[in-house]
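*Asks:* Can you read through this structure? Questions will come right after.
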């Protein structure tokens, strides 16, 4: 039997997407979550990883940008794909080179709108509501050297009503993330 495809999940916060991805693949024989990497010491994602029985490791900014520590760890864990689940730093060039076309991110808006540096989480929902948009959604894309500019793999949409607030829009977006992110990862890695 072939060895399973191994995913490394990178996150910066609460870890709900990381948990959903991990649970989605928990029963799989051909895909497994090898590790969870986080870049904020107090991020709840570490606790979620422990609860799921997945190895989690903290790496700081110097580890990402001034050393090979993160790449060494990814190699040690034999990671085939890297999944960004609310990971808020720009992916460094050496990691892009090591995983060409194999780093996937999710963004809580319909790119190219509301993307780029500083556009994450609540900032995105506030901007969408303030602009009076009639729809928003999620974009799942391959990561390149720019924030939110890589090749789009998938988009899902939701309606934004005049009554929506950033919080109610965030709840709609979260449902889309839960429904589609693990499935699109699965489809993408099986396409190769």
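The values are calculated or read from the model by the stated rules, or taken from the named source; none is laboratory data. Computed from a predicted structure; not experimentally measured. Every residue, glycine among them, receives a Cβ derived from its backbone with ideal geometry; neighbour counts consider all protein chains shown.
*Asks:* From the list 132, 116, 121, pick out the single residue that is out of contact with any strand residue (DSSP E or B) (no Cβ under 9 Å at 6 or more places or on another chain), closer than 18 Å to residue 10 by Cα and not assigned by TED's automatic domain parsing to the domain that holds residue 39. Before you say what the answer is, go through the steps one by one.
*Replies:* Values: 132 fails: closer than 18 Å to residue 10 by Cα; 116 fails: closer than 18 Å to residue 10 by Cα.
Step by step, each of 132, 116, 121 is checked, and only 121 is out of contact with any strand residue (DSSP E or B) (no Cβ under 9 Å at 6 or more places or on another chain), closer than 18 Å to residue 10 by Cα and not assigned by TED's automatic domain parsing to the domain that holds residue 39.
Quick grid of which residues meet (1) more than 24 Å from residue 6 (Cα to Cα); (2) more than 15 Å from the chain's Cα centre (by Cα); (3) modelled with pLDDT of 95 or more:
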| site | (1), (2), (3) |
| --- | --- |
| 91 | no, no, yes |
| 101 | no, no, yes |
| 115 | yes, no, yes |
| 129 | yes, yes, yes |
| 132 | yes, yes, yes |
| 138 | yes, no, yes |
| 144 | no, no, yes |
| 149 | yes, no, no |
| 192 | no, yes, no |
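*Asks:* Would you confirm whether or not segment 5-23 contains a residue that is out of contact with any helix residue (DSSP H, G or I) (no Cβ under 9 Å at 6 or more places or on another chain) and modelled with pLDDT of 95 or more?
*Replies:* Within segment 5-23, the subset out of contact with any helix residue (DSSP H, G or I) (no Cβ under 9 Å at 6 or more places or on another chain) is 6.
Pick out the ones that are also modelled with pLDDT of 95 or more and you get 6.
Yes, there is a match, as at least one residue in segment 5-23 is out of contact with any helix residue (DSSP H, G or I) (no Cβ under 9 Å at 6 or more places or on another chain) and modelled with pLDDT of 95 or more.
*Asks:* Residue 120: surrounded by 18 or more Cβ atoms within 10 Å (Cβ to Cβ), touching a residue at least 12 places away in the same chain (Cβ under 8 Å), out of contact with any helix residue (DSSP H, G or I) (no Cβ under 9 Å at 6 or more places or on another chain) and under 19 Å from residue 18 (Cβ atoms), yes or no?
*Replies:* Yes; evaluated as a whole, the condition is true for this residue.
*Asks:* Out of 13, 53, 27, which single residue is over 15 Å from residue 82 (Cα atoms) and under 12 Å from the mean Cα position of the chain (by Cα)?
*Replies:* Values: 53 fails: under 12 Å from the mean Cα position of the chain (by Cα); 27 fails: under 12 Å from the mean Cα position of the chain (by Cα).
On inspection, the qualifying residue turns out to be 13.
*Asks:* Does any residue in segment 19-33 that is touching a residue at least 60 places away in the same chain (Cβ under 8 Å) come within less than 7 Å, Cβ to Cβ, of a residue that is assigned to a helix (DSSP H, G or I) and surrounded by 22 or more Cβ atoms within 10 Å (Cβ to Cβ) six or more places away or on a different chain, and which pairs are these?
*Replies:* 20/181; 21/181; 21/185
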